[in-house]
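The values are calculated or read from the model by the stated rules, or taken from the named source; none is laboratory data. From a predicted model like this one, the values you see are computed outputs, not experimental measurements. Here the Cβ positions follow ideal geometry from the backbone for every residue, glycine too, while neighbour counts run over all protein chains shown.
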Amino acid sequence: MRATELPAILILWLAILCVVILIAAIAMVHHAEVLALRLGEPGGTLLLTMAVTGLEVAMIGFVMSTGYEKPTLARDTMYAAVMLVINGFMGLALLLGGLRYREQTYNLQSANAFLIMIVPLTILGLVLPNFTRSTEGPILSTFQMIFLSIMSVGIYGVFLFVQNGRHRGFFVSEDESIESEEVDAAIEDASEHQSPRSTFYHAAMLVGYGLPLVLLAKQMSKPLDGLVEKLGAPVALGGFIMAVLVLMPESIAAIRAARDNRLQRSVNILLGSALASIGLTIPLVIAISLVTGRSLILGLENADMVMLVLTLFTATLTFTLPRTNMLLGCVHLLLFAAFCMLLFDY
């Protein structure tokens with residue numbers, strides 16, 4: 001009997017891989033944060049988001065293309081990423097910020113810009129496949145997948161132009177920057193004191209930590225397969241684990257920002273992560289599916305569709321208010337708890 005067939009060794013091997021990946025991801029995000037502070041908003045946050053999303057896509061791609069077919073892995077990871085970011089991490093950020101400052105302000109235009117992208121891309125990518133007629137089941141035809149990929153890349157490119165060019169001011173909160181000017185200065189000083197290295201050094205280390213993570217992701221395929229097959233774990237658990245590993249370091253930075261009364265940075269990081277997780281992952285996993293010939297299921301189960309629509313609706317209501325408070329955070333955390341319950345008891 002091979003070692004990977006023993007449940008205890010299987011769990012231990014997966015745990016070791018997860019810990020190593022998480023540590024490397026934290027180091028990677030640290031270097032990305034230093035670069036982000038030097039670039040300023042919103043370019044710095046965009047760099048941080050792109051680094052994490054690149055890691056997510058690479059992990060999904062390697063695990064998808066090795067071992068037995070996992071047609072729902074990309075779908076489960078994207079769905080878990082949206083629920084983690086919008087309900088879990090955003091809920092915690094709003095709760096902690098509300099407990100400390102009662103109410104916090106941000107730029108409404110930034111949240112609306114993110115949500116106007118997240119809602120249609122998420123519905124088209126994860127819900128629409130259940131209702132198309134050209135194919136049986138929750139999958140898209142080749143033409144539909146190509147169209148969805150081109151549309152996702154195109155509209156995300158337009159968003160980047162808006163975020164970093166024409167409407168850059170949407171993603172910077174003037175009130176927040178004035179109120180927390182001293183905090184921002186202290187954080188920048190501390191960062192410079194702890195990181196006297198050059199920008200080139202941090203960029204090189206960002207890439208240096210990213211490459212081993214991609215290689216480690218390939219090793220996760222067998223223990224994840226065994227976890228589902230031998231231990232009877234939910235199939236969606238693999239996607240949830242990958243989403244947690246990739247998003248946790250960046251989301252910790254967002255939660256810290258909310259505790260420092262810099263909610264705008266939290267909004268940029270978290271909603272930017274949700275948008276990138278959908279807008280960039282969909283075209284890349286579709287490309288992998290078309291090249292390798294492996295099947296790709298994008299449509300969610302009925303209960304998951306209800307949770308996704310409820311989450312997007314609640315997020316839209318949350319970010320129609322000019323100020324946030326702890327009540328909003330509690331509601332999103334409640335939805336995250338419901339997501340976790342359904343993950344293990346569907």
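When both residues are 6+ apart or on different chains and their Cβ atoms are under 7 Å apart, which pairs have a first residue that lies in segment 254-277 and is under 23 Å from GLY125 (Cα atoms), and a second that is outside any helix (DSSP H, G or I) and modelled with pLDDT of 85 or more?
VAL267/TYR106
Does MET220 satisfy the criteria of being over 15 Å from the mean Cα position of the chain (by Cα), aliphatic (A, V, I, L, M) and modelled with pLDDT under 85?
Answer is yes for this residue.
Please specify each residue of segment 315-325 satisfying the condition of being surrounded by 18 or more Cβ atoms within 10 Å (Cβ to Cβ) and outside any loop (DSSP other than H, G, I, E, B).
Selection gives ALA315, THR318, THR324.
Considering each of ASP184, ASP189, ASP225, ASP175 in turn, give the residue that is part of a helix (DSSP H, G or I), within 30 Å of LEU124 (Cα to Cα), among the acidic types (Asp, Glu) and modelled with pLDDT under 70.
ASP225
Could you grab me the full set of residues in segment 131-145 that are over 23 Å from the mean Cα position of the chain (by Cα) and part of a helix (DSSP H, G or I)?
THR142, PHE143, GLN144
I'd like the full set of residues that are part of a helix (DSSP H, G or I), surrounded by 21 or more Cβ atoms within 10 Å (Cβ to Cβ) and not hydrophobic (A, V, I, L, M, F, W, C), limited to segment 99-118.
Passing the criteria: only SER110.
When the residues of segment 246-302 are narrowed to those that are farther than 12 Å from VAL85 by Cα and among the polar types (S, T, N, Q), which ends up surrounded by the most Cβ atoms within 10 Å (Cβ to Cβ)?
Out of the qualifying residues, it is GLN264.
Consider segment 125-166. How many of its residues are in contact with a Lys or Arg (Cβ under 9 Å, 6 or more places away or on another chain) and of a type in the set (Val, Ile, Thr)?
So the count comes out to 1.
Give ALA253, ALA303, ALA287 a once-over and let me know the one that is in contact with a Leu (Cβ under 6 Å, 6 or more places away or on another chain), modelled with pLDDT of 80 or more and part of a helix (DSSP H, G or I).
Working: ALA253 fails: in contact with a Leu (Cβ under 6 Å, 6 or more places away or on another chain); ALA287 fails: in contact with a Leu (Cβ under 6 Å, 6 or more places away or on another chain).
None of the other options fit; the residue is ALA303.
On the basis of being at pLDDT 90 or above and more than 28 Å from ILE16 (Cα to Cα), does LEU298 make the cut?
Considered against the rule, which asks whether it is at pLDDT 90 or above and more than 28 Å from ILE16 (Cα to Cα), LEU298 comes out as yes.
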